[in-house]
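Contents: one structure, followed by commentary.
Just so you know, all these numbers are worked out from the coordinates, no wet-lab data involved. Bear in mind the structure is a predicted one, so any value in this text is a computation, not a measurement. Cβ: placed from backbone, ideal geometry, glycine included. Neighbour counts: every protein chain shown.
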Amino acid sequence: MILIDGKATAAQIKAEIKDKVEAIVASGGRRPHLAAILVGHDGGSETYVKNKVLACEACGFESTLLRFEDDITEEYLLSEVARLNDDASVDGFIVQLPLPKHISEQKIIEAIDYRKDVDGFHPINVGRMAIGIPAFISATPKGILELLRRYNLETSGKKCVILGRSNIVGKPMSQLMMQKNGGDSTVTVCHSHSPQLKEECRKADIIIAAIGKPCFVTADMVKPGSIIIDVGTTRVPDSTRKSGFRLCGDVDFESVAPLCQAITPVPGGVGPMTICMLMMNTLAAANHEYYK
Ligand code: GUN
């Protein structure tokens, strides 16, 4: 069984990015600049954004964190997005989700200049990704493809089952795994209303679990020799931890791991790759790789 080490892979990619950045700086260019907007004090969002800022440091990027209280109006947040769109010193930026209920996430996402949308959430990037032309690709699915590639795990011609249909993971993952220049797999997407979910999983060569239900994928759902990618990061209470919680994946790792060809752990699998892909997208934005 291969334990897919997302932490080590992400560290290696960040070192590769840093080398490229130092070469840019040595030849007179400026450091890529990522800005992040964080609204409110959600624990998960705070951690993600803190880790994004740390990743910027590791990659030699400049970063700016803009923080607002959760009573910020939609209008004010839109004006901040417009300001970042117009700020030539910012190559790319993200608005950390979720946003407070009184703010339309879709409206905010669509207000971001797609050329700076390093999250790959804007409909222009989503559409371009879907038809397989250059675009910013959502970091989690991009990170999963990168892990599969770097571990030389064959996906072409395989049967891939994706659990979950979210805009951030399930939907883009299904597109990428299906594409000829992506996974080149036969893809089935299952969700909370899929009647044959267990049977579909048992037929899969690759399972990508992104439904946010701790330990949902059990040994009886897994074909021996399959590849298991766990996107779940549910916080479950754990009084033995200083934080009071631990992260729990969508896969029952203990029972499933012995059956697999390869599996990602939680934490240390997909998670670190996600932030790393945001860094890759920011470097691409700074280099105008997709849009002039
Ligand atoms: N919330 C959970 N994942 C993400 C992400 O990848 N980007 C943003 N902006 N918010 C998120």
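Using amide H atoms built in the peptide plane, which far-off residues or other-chain residues are under 5 Å from ASP5 H to H?
For ASP5, no residues qualify.
Report the residue, chosen from VAL266, VAL231, VAL21, that carries the largest GNM mean-square fluctuation when the chain is represented by alpha-carbon nodes joined by springs under 10 Å.
Largest GNM mean-square fluctuation: VAL21.
Compute the relative contact order of the chain as a whole-number percentage, counting only Cα pairs closer than 8 Å that sit 6 or more residues apart in sequence.
About 21 percent, as a whole number.
Does the range 152-202 classify as rounded, prolate or oblate by the C-alpha gyration tensor (a ≥ b ≥ c root eigenvalues; a/c under 1.5 gives rounded; else a/b over b/c gives prolate, otherwise oblate)?
Numbers: a/c = 2.68, a/b = 1.39, b/c = 1.93.
Oblate is the answer for the range 152-202, as a/c is 1.5 or above yet b/c matches or exceeds a/b.
Express the relative contact order of the range 6-150 as a whole percentage, based on alpha carbon pairs under 8 Å and six or more residues apart in sequence. Provide the component values of the computation, followed by the final result.
Values: 177 pairs, mean separation 30.4, N = 145.
Relative contact order of the range 6-150: 21 percent.
Tilt of helix 139-150 relative to the longest C-alpha principal axis of the chain, in degrees (0 to 90, nearest 10)?
60
What does the convex hull of the Cα atoms come to per residue for the range 102-156, in Å³?
Dividing the Cα hull volume of the range 102-156 by its residues yields 95 Å³.
Where in the range 156-198 are there trypsin sites (Lys or Arg not before Pro) that are in a DSSP coil and have at most 15 other Cβ atoms within 10 angstrom of their Cβ?
Filter output for the range 156-198: LYS180.
In nm, what is the difference between 0.36 nm times the number of residues separating LYS20 and HIS288 and their Cα-Cα distance? Before the final figure, lay out each step's value.
Details: separation 268, 0.36 × 268 = 96.48 nm, distance 1.45 nm.
The LYS20-HIS288 span can extend by a further 95.0 nm.
List the trypsin sites (Lys or Arg not before Pro) within the range 87-127 that DSSP assigns to loop and that have no more than 15 neighbouring Cβ atoms inside 10 Å.
LYS101
May I ask you to evaluate 6.51 cos²θ - 1.76 cosθ + 1.60, the Karplus curve with θ = phi - 60°, for each residue of the range 90-96 and list the ³J(HN,Hα) values in order in whole Hz, giving x for glycine and proline?
Those phi angles translate into 9, 7, x, 8, 10, 10, 5 Hz.
Taking the Cα centre of the range 204-265 as the origin, how large is its charge dipole in debye, to the nearest 20, when only Lys and Arg (+1) and Asp and Glu (-1) carry charge on their Cβ atoms?
320
Pop out the ³J(HN,Hα) list for the range 119-126 in order, Karplus 6.51 cos²θ - 1.76 cosθ + 1.60 with θ = phi - 60°, rounded to Hz; leave Gly and Pro as x.
Once rounded to whole Hz, the list reads 6, x, 9, 5, x, 5, 5, 4.
Apply the Karplus parameterisation 6.51 cos²θ - 1.76 cosθ + 1.60, with θ equal to phi minus 60°, to every residue of the range 100-107 and state each ³J(HN,Hα) to the nearest whole Hz, in sequence, with x for glycine and proline.
So the J values, rounded to whole Hz, are x, 4, 7, 10, 7, 4, 4, 4.
Starting from the Cα coordinates of the range 1-104, work out the convex hull volume and express it per residue in Å³. Mind showing how you got there, number by number?
On the way: hull volume 11.8 nm³, N = 104.
Considering the Cα atoms of the range 1-104, their hull volume per residue is 113 Å³.
I need the calculated FRET efficiency for the pair ALA130 and ARG241, taking r as the beta carbon distance and R₀ as 35 Å, to the nearest 0.05.
It comes out at approximately 0.30.
Could you list, bin by bin from short to long, the percent of Cα-Cα pairs of the range 174-292 in 10 Å steps?
Result returned by the calculation: 13, 35, 32, 16, 5, 0.
Could you pull out the pairs from LYS14/LYS180; LYS180/LYS292; LYS52/LYS142; LYS14/LYS142; LYS180/LYS213; LYS7/LYS198 whose alpha carbons sit more than 20 Å apart here? Please report the intermediate quantities before stating the final value.
Working: LYS14/LYS180 27 Å; LYS180/LYS292 26 Å; LYS52/LYS142 16 Å; LYS14/LYS142 15 Å; LYS180/LYS213 30 Å; LYS7/LYS198 30 Å.
Correct reply: LYS14/LYS180; LYS180/LYS292; LYS180/LYS213; LYS7/LYS198.
Taking the inverse of the average 1/r across all pairs of different Cα atoms in the range 84-194, what Kirkwood radius in Å do you get?
Roughly 15.1 Å, rounded to one decimal.
Rounded, prolate or oblate for the range 77-137? Axes are the square roots of the Cα gyration tensor eigenvalues, ordered a ≥ b ≥ c, and the cut-off for rounded is a/c under 1.5.
On the way: a/c = 2.39, a/b = 1.28, b/c = 1.86.
In terms of gyration-tensor shape, oblate.
Give the Rg/Rh ratio for the range 174-216, taking Rg as the radius of gyration of the Cα atoms and Rh as the Kirkwood radius, to two decimals. Don't skip to the answer; put the middle values down first.
Details: Rg = 11.3 Å, Rh = 11.5 Å.
Across the range 174-216, the Cα-based Rg/Rh ratio is 0.98.
Would you work out the Kirkwood radius for the chain? I mean one over the mean of 1/r across all pairs of different Cα atoms, in Å. Mind showing how you got there, number by number?
Details: mean 1/r = 0.0507 Å⁻¹.
Radius from the Kirkwood sum: 19.7 Å.
Using only helices, what value at 222 nm comes out for the chain when you add -39,500 (n - 2.57) per DSSP H run of length 4 or more and divide by the total residues, to the nearest 500 deg cm²/dmol?
-12000 deg cm²/dmol
In angstroms, what radius of gyration and Dmax does the range 126-168 have, counting Cα atoms only?
Radius of gyration, then largest Cα-Cα span, for the range 126-168: 11.7, 28 Å.
Using a Gaussian network model of the chain whose springs link C-alpha atoms within less than 10 Å, name the residue from ALA23, ALA209, ALA219 with the highest mean-square fluctuation.
Top of the fluctuation ranking is ALA23.
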